[in-house]
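To keep things clear, I will list the structure first and then write my remarks on it.
The values are calculated or read from the model by the stated rules, or taken from the named source; none is laboratory data. In this text the structure is predicted, and so the values were computed from the model without any measurement. When we count neighbours, we look across all protein chains shown, and the Cβ atoms used for this are built from the backbone with ideal geometry, even at glycine.
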């Protein structure tokens, strides 16, 4: 298969560590023994909410029983390189592959402050605010000293070794603002879709804007364990045309849905539609059980950079949201900035999902997914690019949802 030189230049970069996915029916004790035998190392078992140290250990194997997945650190994988190849021959092991770096999904642009996204999704026409709903934003962290977040109760956890949750990159603060920001200074327009939602911020990307899959999956596991109804992920890595989704991310997506959580992820910015090139939906958004979000501009046309549903088996765009000229919070001293990317579209969907979840306690997991798609605004665009259409907030009158 001939692949685009653009994507060839964006192939994932291996970290040197290994990810091992076990069969669903594999015995926990047997799996631990296999890891101990093949790596000659201690195995740490990490369960929902049970991490003593949020960052994955660099000197022992970490096993997540709910995910049936083990992470072998780089040093151990290098020490036993020949045995890593033999792992796939173990009956209990479904997949053994390298771990890759994953990068934030964004593009920058200078433009005037704008809140057109709030109007486009109808958040300004509803009395719902996301109150009582937990939104997890897994990204570069958050600026807790920002005036729009300083007085709020925010649950935070850094999964990046040696770094606090404090956001020095800016991407995470921007995404958290779009999902659930609330301006406190006069003259600042509304920019948060669900301003009264409870924020759970997991730092899975470092201050330079990238992270390892181990940290990312650790954060996803944490967010599910925290019972967040919505998990927003504006991160991803490019994939080739025809490339399958990750079995591991699909397993996590299914686990989230079973536990009443919906994972929403950015579709990716690898397209260049002006040159006729449409890139496949990025990973992890291309997993069938993770809601993939494409981006549209203020004219409700597909954004030139937004990836499209050109791969089968979950590689579709499921829904679209505003992703061009998006005004939101960034770390001090700047406070606010206008950006573009599917990263900016993703938290719009996360915020709207929180509004729907608030409107009806039965809308959790798969039911919440269905509500978003069934109530999306149809667009005169290909479903390949926007899925079911533009995400829409529930209409309310007197506090009651109108369908």
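Values for this structure:
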| item | result |
| --- | --- |
| Qualifying position, being part of a loop (DSSP other than H, G, I, E, B) and closer than 25 Å to residue 287 by Cα, among 240, 208, 152, 190 | 240 |
| One residue from 299, 287, 378 being more than 25 Å from residue 190 (Cβ to Cβ) and out of contact with any helix residue (DSSP H, G or I) (no Cβ under 6 Å at 6 or more places or on another chain) | 378 |
| Residue 172 vs. criteria free of Cβ contacts under 8 Å to residues at least 60 places away in the same chain, buried (at least 19 other Cβ atoms within 10 Å of the Cβ) and in a helix (DSSP H, G or I) | yes |
| Residue count for segment 385-403, restricted to those that are outside any loop (DSSP other than H, G, I, E, B) and modelled with pLDDT of 95 or more | 3 |
| Single unsatisfied condition, residue 135 versus (1) outside any loop (DSSP other than H, G, I, E, B); (2) at pLDDT 85 or above; (3) farther than 19 Å from residue 235 by Cα | (3) |
| Some residue of segment 285-296 being surrounded by fewer than 24 Cβ atoms within 10 Å (Cβ to Cβ), more than 25 Å from residue 71 (Cβ to Cβ) and assigned by TED's automatic domain parsing to the domain that holds residue 346 | no |
| Condition broken by residue 103, with the remaining ones in (1) part of a strand (DSSP E or B); (2) modelled with pLDDT of 75 or more satisfied | (2) |
| Residues being touching a helix residue (DSSP H, G or I) at 6+ places or on another chain (Cβ under 7 Å) and assigned to a loop (DSSP other than H, G, I, E, B) - total across segment 218-237 | 2 |
| Among (1) surrounded by fewer than 20 Cβ atoms within 10 Å (Cβ to Cβ); (2) modelled with pLDDT under 95; (3) part of a loop (DSSP other than H, G, I, E, B), the one test that residue 260 misses | (2) |
| Filter result for residue 314 (more than 21 Å from residue 128 (Cα to Cα) and more than 20 Å from the chain's Cα centre (by Cα)) | no |
| Set 208, 190: member being in contact with a helix residue (DSSP H, G or I) (Cβ under 6 Å, 6 or more places away or on another chain) and at pLDDT below 95 | 190 |
| From 193, 201, 184, residue being at negative phi, crowded, with 24+ Cβ neighbours inside 10 Å, out of contact with any strand residue (DSSP E or B) (no Cβ under 8 Å at 6 or more places or on another chain) and in the same structural domain as residue 289 (by TED's automatic domain parsing) | 193 |
| The one condition in (1) out of contact with any helix residue (DSSP H, G or I) (no Cβ under 8 Å at 6 or more places or on another chain); (2) over 25 Å from residue 388 (Cβ atoms); (3) in contact (Cβ under 8 Å) with a residue 12 or more places away in the chain; (4) surrounded by fewer than 24 Cβ atoms within 10 Å (Cβ to Cβ) that residue 250 fails to fulfil | (2) |
| Where a residue in segment 75-97 is not assigned by TED's automatic domain parsing to the domain that holds residue 35 and its partner, wherever it lies, is surrounded by fewer than 16 Cβ atoms within 10 Å (Cβ to Cβ), with Cβ under 7 Å and at least six apart | none |
| Residue within segment 340-361 that is over 18 Å from the mean Cα position of the chain (by Cα), surrounded by fewer than 23 Cβ atoms within 10 Å (Cβ to Cβ), assigned by TED's automatic domain parsing to the domain that holds residue 242 and at pLDDT below 95 present | no |
| Selected residue (only one of 393, 357, 353 is touching a strand residue (DSSP E or B) at 6+ places or on another chain (Cβ under 6 Å) and touching a residue at least 24 places away in the same chain (Cβ under 8 Å)) | 353 |
